[in-house]
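Contents: one structure, followed by commentary.
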Amino acid sequence: MIASISGRVSHVGLGDLIIETNGVGYAVNVTTKLALEVRLGAELTLRTAHIIREDSQSLYGFMNAEELSAFNLLCSVSGVGPKSALAVMGTLGVDGLAQAVAGADDSMFRSVSGIGPKTAKLIVLSLTGKLALSGVQDKPSSTSEANVVAALIGLGYQERAAKKAVEDIAVANLSEAELLRGALSQLANARRVSNDV
């Protein structure tokens, strides 16, 4: 299993590189974004996913372990192959992927070429709770909280108010129903206070 590769870039395509190492040129599939950033002749180290099929072997390269881990998680979803997973990574990146899953926003996946509505929903369901958000402070910390926020927005509450209400009452081991009841109560109290002023 090839876990990483280091060498000189001898070819840059739209979605692939050839990296020369010890006299051997390895074809590595990469996101278009990465391909555009790489210069011919540059020395490069990539973390790689080595995908072995009956009739082929392919390398998929990433700049760090976080990207590789997200790619592998996407590949674990039924109906998502490595090419589709790479397309998602190229379009959303790690943080975009984590935000889409945390916010249960399958429309972000449908914007990726090759991902249909069913697969988009399946990605959200399969990866919920498996991705950490890095540097995103305004998202709910758990799936239950995200679901309750979405329900409150569906009931006509502003997103900011819904998030604040959920965050204010969120404690460990509360069910979604309890969270929803508590948040509704919080929002109703806030509305009463503003009406009394």
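Here are the numbers for this structure:
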| quantity | calculated |
| --- | --- |
| Qualifying residues in the stretch 73-107 (those that are touching a Ser or Thr at 6+ places or on another chain (Cβ under 8 Å) and over 20 Å from S58 (Cα atoms)) - the one surrounded by the most Cβ atoms within 10 Å (Cβ to Cβ) | V101 |
| Hits in the stretch 77-101 (condition: under 11 Å from the mean Cα position of the chain (by Cα) and among the β-branched types (V, I, T)) | V88, T91, V94, V101 |
| Pairs, first over 12 Å from N147 (Cα atoms) and crowded, with 16+ Cβ neighbours inside 10 Å in the stretch 158-184, second at pLDDT 80 or above and of a type outside the set (A, V, I, L, M, F, W, C), C-beta under 6 Å, six or more apart | I169/G182 |
| Selection from the stretch 1-20 of residues that are exposed (fewer than 12 other Cβ atoms within 10 Å of the Cβ) and either farther than 18 Å from A65 by Cα or aromatic (F, W, Y) (or both) | L14 |
| Residue under evaluation S84, criteria (1) out of contact with any Gly (no Cβ under 6 Å at 6 or more places or on another chain); (2) under 23 Å from I123 (Cα atoms), criterion not met | (1) |
| Helices (runs of 4 or more DSSP H) contained entirely in the stretch 49-135, each with at least 2 residues that are closer than 24 Å to L17 by Cα | 65-75, 82-102 |
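The values are calculated or read from the model by the stated rules, or taken from the named source; none is laboratory data. If you're wondering where the values come from, they're calculated on a predicted model, not measured in any experiment. Glycine gets a Cβ as well: all are built from the backbone with ideal geometry, and neighbour counts include every protein chain shown.
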